[in-house]
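Taking it in order: structure first as structure tokens, then the write-up.
Read-outs: derived from the displayed coordinates by stated rules, not from any lab. Keep in mind that this is a model prediction, so the values were computed, not measured. Glycine gets a Cβ as well: all are built from the backbone with ideal geometry, and neighbour counts include every protein chain shown.
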Amino acid sequence: MFDNLKNRKPRSIDEKEYRKFAVMVCLVERDDELQVLFEKRAGGLKRQPGEICFPGGARDSGESALENAVRETKDELLISDEQIHVIAQMDTLYTAYNTMVSVFLCELKDYQDTFSPDEVGEIFYVPLKYFIETEPDAYQNTVKPIPPENSLMI
């Protein structure tokens, strides 16, 4: 009776309501150690200019999360498919702003610090060991739904 559920892949019930994005956490071998690449978004962008982020962006129609992350990384860092070695998909972030961000981890090969100035203002690196050895600061925000005055609470 439940055989058709054995191979079912779980998903979010309201996934269709989210705007979908994907980012790539890029590891680069520099100075004989793995380092994490960060971008500073170009100052002329309409949304979030100057923000520190990972390569990534909005998903195109019909595109998988992985295809999204790879396409955006290639466009922003001006690299080829051969330079991206995807290691794994990481956790997905769901925000209070109806966005879903799929996260992937990769290693970049033969990367020469290139980037598209239309999208990226600069790049910089942080040694991976910093994230392994440093306890992160954690902050919590509370998001509360406020129903309209004329709605019934059941």
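Apart from one condition, LYS74 fits all of (1) in contact with a Pro (Cβ under 9 Å, 6 or more places away or on another chain); (2) free of Cβ contacts under 8 Å to residues at least 40 places away in the same chain; (3) surrounded by fewer than 11 Cβ atoms within 10 Å (Cβ to Cβ); the exception is (3). Only residues that are without any contact (Cβ under 8 Å) to a residue 40 or more places away in the chain and either under 18 Å from the mean Cα position of the chain (by Cα) or assigned to a helix (DSSP H, G or I) (or both) were counted in the stretch 12-48, giving 3.
When the stretch 60-106 is filtered for residues that are among the aliphatic types (A, V, I, L, M), under 30 Å from GLN140 (Cα atoms) and not in a strand (DSSP E or B), the ones remaining, listed by number, are ALA65, LEU66, ALA69, ALA96.
Might you check whether a residue that is within 25 Å of VAL143 (Cα to Cα), among the polar types (S, T, N, Q) and out of contact with any Lys or Arg (no Cβ under 7 Å at 6 or more places or on another chain) occurs anywhere in the stretch 42-50? No, the conditions are met nowhere in the stretch 42-50.
Of all residues in the stretch 46-59, those that are touching a helix residue (DSSP H, G or I) at 6+ places or on another chain (Cβ under 7 Å) and surrounded by fewer than 19 Cβ atoms within 10 Å (Cβ to Cβ) total 1.
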